[in-house]
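The values are calculated or read from the model by the stated rules, or taken from the named source; none is laboratory data. Just so it is clear, the model here is predicted, and its values are computed rather than measured. Positions of Cβ are generated from backbone atoms using ideal geometry, with glycine treated the same way; all protein chains shown enter the neighbour counts.
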Amino acid sequence: MPDKVSSTTIYYDGSCPLCATEIRHYRDQDSKQELAFVDVSDTGVLLPPDLSRQQAMARFHVMSRDGQLIDGARAFVA
(Lines give C-alpha, C1' and ligand atoms only; values in the text may rest on other atoms or scores of the structure.)
Protein backbone atom coordinates (compact mmCIF):
# COMPACT_ATOMS: atom_id res chain seq x y z
CA MET A 1 0.00 0.00 0.00
CA PRO A 2 1.20 3.55 -0.60
CA ASP A 3 3.06 5.65 1.95
CA LYS A 4 0.74 8.60 1.44
CA VAL A 5 -2.58 7.66 3.00
CA SER A 6 -4.07 11.06 2.21
CA SER A 7 -3.39 10.75 -1.51
CA THR A 8 -5.33 9.26 -4.36
CA THR A 9 -3.72 5.90 -5.14
CA ILE A 10 -3.40 4.46 -8.61
CA TYR A 11 -2.93 0.70 -8.94
CA TYR A 12 -1.49 -0.28 -12.31
CA ASP A 13 0.25 -3.18 -14.07
CA GLY A 14 3.84 -2.05 -14.51
CA SER A 15 4.60 -5.11 -16.66
CA CYS A 16 2.21 -3.78 -19.32
CA PRO A 17 4.12 -1.45 -21.69
CA LEU A 18 1.03 0.61 -22.52
CA CYS A 19 0.10 0.94 -18.83
CA ALA A 20 3.65 1.93 -17.85
CA THR A 21 3.73 4.61 -20.56
CA GLU A 22 0.38 6.00 -19.40
CA ILE A 23 1.52 6.08 -15.77
CA ARG A 24 4.74 7.90 -16.73
CA HIS A 25 2.54 10.57 -18.29
CA TYR A 26 0.48 10.87 -15.08
CA ARG A 27 3.63 11.06 -12.94
CA ASP A 28 4.99 13.84 -15.14
CA GLN A 29 1.71 15.78 -14.73
CA ASP A 30 1.61 15.30 -10.94
CA SER A 31 3.91 18.18 -9.99
CA LYS A 32 2.25 18.56 -6.58
CA GLN A 33 2.72 14.83 -5.89
CA GLU A 34 -0.95 14.35 -5.04
CA LEU A 35 -1.02 10.85 -6.50
CA ALA A 36 0.53 7.65 -5.18
CA PHE A 37 1.37 4.97 -7.73
CA VAL A 38 1.43 1.24 -6.94
CA ASP A 39 2.81 -1.23 -9.48
CA VAL A 40 0.72 -4.35 -8.85
CA SER A 41 3.08 -6.51 -10.93
CA ASP A 42 5.47 -6.26 -7.97
CA THR A 43 4.35 -9.20 -5.83
CA GLY A 44 5.86 -7.54 -2.76
CA VAL A 45 3.36 -4.67 -2.66
CA LEU A 46 0.40 -4.80 -0.32
CA LEU A 47 -3.03 -4.32 -1.79
CA PRO A 48 -6.22 -3.20 -0.06
CA PRO A 49 -8.26 -6.12 1.33
CA ASP A 50 -10.99 -5.66 -1.29
CA LEU A 51 -8.58 -5.80 -4.26
CA SER A 52 -7.03 -9.11 -5.29
CA ARG A 53 -3.82 -9.21 -7.30
CA GLN A 54 -5.72 -10.91 -10.13
CA GLN A 55 -8.28 -8.07 -10.22
CA ALA A 56 -5.55 -5.45 -10.02
CA MET A 57 -3.61 -7.00 -12.90
CA ALA A 58 -6.72 -7.23 -15.09
CA ARG A 59 -8.00 -3.65 -14.72
CA PHE A 60 -6.84 -0.17 -13.78
CA HIS A 61 -7.92 0.74 -10.21
CA VAL A 62 -7.93 3.97 -8.22
CA MET A 63 -8.46 4.34 -4.49
CA SER A 64 -9.90 7.79 -3.84
CA ARG A 65 -8.91 9.84 -0.81
CA ASP A 66 -12.17 8.84 0.85
CA GLY A 67 -11.38 5.13 0.41
CA GLN A 68 -13.63 4.38 -2.56
CA LEU A 69 -12.14 1.80 -4.95
CA ILE A 70 -12.94 2.62 -8.59
CA ASP A 71 -11.96 0.50 -11.59
CA GLY A 72 -11.87 0.52 -15.36
CA ALA A 73 -12.77 3.58 -17.41
CA ARG A 74 -14.44 5.30 -14.42
CA ALA A 75 -11.09 5.24 -12.62
CA PHE A 76 -9.48 7.41 -15.30
CA VAL A 77 -11.88 10.26 -14.50
CA ALA A 78 -11.64 9.89 -10.73
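Some observations on this one:
- Segment 10-29 residues that are more than 20 Å from Leu69 (Cβ to Cβ) and without any contact (Cβ under 8 Å) to a residue 40 or more places away in the chain, paired with ones that are among the hydrophobic types (A, V, I, L, M, F, W, C) and assigned to a strand (DSSP E or B) (beta carbon under 8 Å, 6 or more apart): Arg27/Leu35; Arg27/Phe37
- Per-region count, segment 20-78, residues closer than 15 Å to Ser7 by Cβ and among the aromatic types (Phe, Trp, Tyr): 2
- Gly67 fulfils the conditions (1) outside any loop (DSSP other than H, G, I, E, B); (2) without any contact (Cβ under 8 Å) to a residue 24 or more places away in the chain except for a single criterion, (1).
- Flag if Ser15 is surrounded by 11 or more Cβ atoms within 10 Å (Cβ to Cβ) and in a loop (DSSP other than H, G, I, E, B): yes
- Only a single criterion out of (1) modelled with pLDDT of 95 or more; (2) of a type outside the set (D, E, K, R); (3) within 14 Å of Ala75 (Cβ to Cβ) is not satisfied by Cys19, namely (1).
- Set Ala75, Ala20, Ala56, Ala36: member being within 11 Å of Thr9 (Cα to Cα), part of a helix (DSSP H, G or I) and either within 13 Å of the chain's Cα centre (by Cα) or basic (Lys, Arg) (or both): Ala75
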